[in-house]
Amino acid sequence: MRKPITDLIHHPYTPPANFAAPQPGIYKASTVFFADVAAMRARDWKTKAGYTYGLHGTPTTFTLEERLATLEGGTECLLAPSGLAAIALVAFAFLKTGDEVLLPDNAYGPNKALCTGELAHFGITHRLYDPMNPADLAAKISERTRLVWMEAAGSVTMEFPDLPALAAACRARGVLAALDNTWGAGLAFAPFDFNGSGQGVDISIQALTKYPSGGGDVLMGSVITRDERLHRALKLSHMRMGFGTGVGDVEALLRSLPSIALRYEAHDRSARELARWLSDRPEIAQVLHPALEGAPGHANWLRLCGATDLAAGLFSVVFDGRYSAAQVDRFCDSLTLFRLGYSWGGPISLVVPYDIGLMRDPEVSHWPHKGTLVRFSIGLEDAEDLRADLEQALAAL
């Protein structure tokens, strides 16, 4: 007779099927059972037709991948442990020794660090191009170029490039075009179909840490394509690097995702209100927000995002040159509702001061201002309360 612990572990009860609720079921697994050896040998981990091992997908991760692909207008999606891991996955899937990758000068800083670190160690070179000059990109694509990164809006300085022109330059030379679409989140514009043209980028990544999560408590990334061949290459690298995501985090994303449009619009609405108010302040030399007339790339934003009229909840300001970096730091320290912290897209407003001189290549991008830059991520607080906080901190200057 078997011992009770064995009967406990091998208990025959199976709950009835067809349970329906607002949230999908959560499946946690490393081991996946097979009915017999033939089924084990026949199962293909490279498709969503079945399950082989937790790292290759569960009903929970497959559900999130399908929903994210739909959001961005893609057909295939892979999850990664972070936004940077998603960027790295694209690099390792398509670059080899002797290849070159091109990045916009205003790219996400860790993407540049990946190029100067690991990719350089593997004999992969990189160059920077001016994202506001498609001709500069076209001139820099060489026979060694295999991948071009784009970003809209640009990291920290928020320039909005002419994405259709940049993608066209890549298409003309047969080079893969990849977009960091974290800012757009699949809502501001369609990354695979610019303005209904049927043409866009080849690959779109997101840091799901930001707007899809919305809670400031999840690290995750996604890589989305419309090309089965590209997806297969990404899937192979994904397996070889052992990229997995915690099912608890996947559950949090599945719960947050249905409200992303409402949250995105709320962030956007408050950000524009505060950006316009700051643009009239004498302490501020320029407000960098793609939806504001006069901001770098505003016309590009209008052409690409005019139909949705969406622009996220992120903007930067350049302080008048008469204020020192120490005074700007004092302004940031004086804020009470805005918290000092990296990332964005969560419920709490954030602020970070930057020295742009350390972030931009003067031979590629010509930064016109000498003042200190501060980036704001607008949360879900009341906009009037945030404005009062900004006003009292400006007084501290």
Applying the selection to region 231-247, what residues are aliphatic (A, V, I, L, M) and surrounded by fewer than 24 Cβ atoms within 10 Å (Cβ to Cβ)?
Ala233, Leu236, Met239, Met241, Val247
In region 195-214, how many are at pLDDT below 95 and on the phi < 0 side of the Ramachandran plot?
2
So which residues in region 115-160 are of a type in the set (D, E, K, R) and under 26 Å from Phe376 (Cα atoms)?
Asp130, Glu151, Glu159
Spot the failing condition for Ser259; the list is (1) surrounded by fewer than 16 Cβ atoms within 10 Å (Cβ to Cβ); (2) in contact with a Leu (Cβ under 6 Å, 6 or more places away or on another chain); (3) not aliphatic (A, V, I, L, M), and only one is missed.
(2)
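Within the bounds of region 340-349, is there any residue that is within 25 Å of Ser197 (Cα to Cα) and not assigned by TED's automatic domain parsing to the domain that holds Ser197? Walk me through it before giving the result.
In the first step, residues of region 340-349 are kept if they are within 25 Å of Ser197 (Cα to Cα); the result is none.
Checked region 340-349: no residue is within 25 Å of Ser197 (Cα to Cα) and not assigned by TED's automatic domain parsing to the domain that holds Ser197.
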Taking only region 197-230 into account, find how many residues are among the basic types (Lys, Arg) and surrounded by 22 or more Cβ atoms within 10 Å (Cβ to Cβ).
1
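Can you tell me which residues in region 226-245 are among the basic types (Lys, Arg) and in contact (Cβ under 8 Å) with a residue 24 or more places away in the chain? Explain how you work it out, then say what you get.
Initially, region 226-245 is screened for residues among the basic types (Lys, Arg), giving 226, 229, 232, 235, 240.
Arg226, Arg232, Lys235, listed by residue number.
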Scanning region 294-325 residue by residue, the ones that are out of contact with any His (no Cβ under 6 Å at 6 or more places or on another chain) and either β-branched (Val, Ile, Thr) or outside any helix (DSSP H, G or I) (or both) total 19
Read through the list (1) touching a residue at least 24 places away in the same chain (Cβ under 8 Å); (2) in contact with a His (Cβ under 9 Å, 6 or more places away or on another chain), then give the number of the only condition that Ala291 fails.
(1)
Looking at Gly216 and the list (1) within 20 Å of Val201 (Cα to Cα); (2) in the same structural domain as Gly200 (by TED's automatic domain parsing); (3) assigned to a loop (DSSP other than H, G, I, E, B), which single condition is not satisfied?
(1)
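Check whether at least one residue in region 271-288 is outside the structural domain of Pro164 (by TED's automatic domain parsing) and under 28 Å from Leu89 (Cβ atoms), and report yes or no.
First, the residues of region 271-288 that are outside the structural domain of Pro164 (by TED's automatic domain parsing): 271-288.
Now drop any that are not under 28 Å from Leu89 (Cβ atoms), which leaves none.
Checked region 271-288: no residue is outside the structural domain of Pro164 (by TED's automatic domain parsing) and under 28 Å from Leu89 (Cβ atoms).
For region 197-211, give me each residue that is assigned to a loop (DSSP other than H, G, I, E, B) and either out of contact with any strand residue (DSSP E or B) (no Cβ under 7 Å at 6 or more places or on another chain) or of a type in the set (A, V, I, L, M) (or both).
Kept after step one, since they are assigned to a loop (DSSP other than H, G, I, E, B), are these residues of region 197-211: 197-202, 208-211.
Matches in region 197-211: Ser197, Gly198, Gln199, Gly200, Val201, Leu208, Thr209, Lys210, Tyr211.
Name every residue in region 171-193 that is among the hydrophobic types (A, V, I, L, M, F, W, C) and touching an Asp or Glu at 6+ places or on another chain (Cβ under 8 Å), in order of residue number.
Answer for region 171-193, where residues must be among the hydrophobic types (A, V, I, L, M, F, W, C) and touching an Asp or Glu at 6+ places or on another chain (Cβ under 8 Å): Leu176, Ala177, Ala178, Leu179, Trp183, Ala190, Phe192.
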Only one of Val328, Val364, Val352, Val374 that is touching a Cys at 6+ places or on another chain (Cβ under 7 Å) and either assigned to a helix (DSSP H, G or I) or in contact (Cβ under 8 Å) with a residue 12 or more places away in the chain (or both)
Val374
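The values are calculated or read from the model by the stated rules, or taken from the named source; none is laboratory data. Just so it is clear, the structure is predicted and the values come from calculations on it, not from any experiment. Don't worry about glycine lacking a Cβ; one is built from the backbone with ideal geometry, like all the others, and counts go over all protein chains shown.
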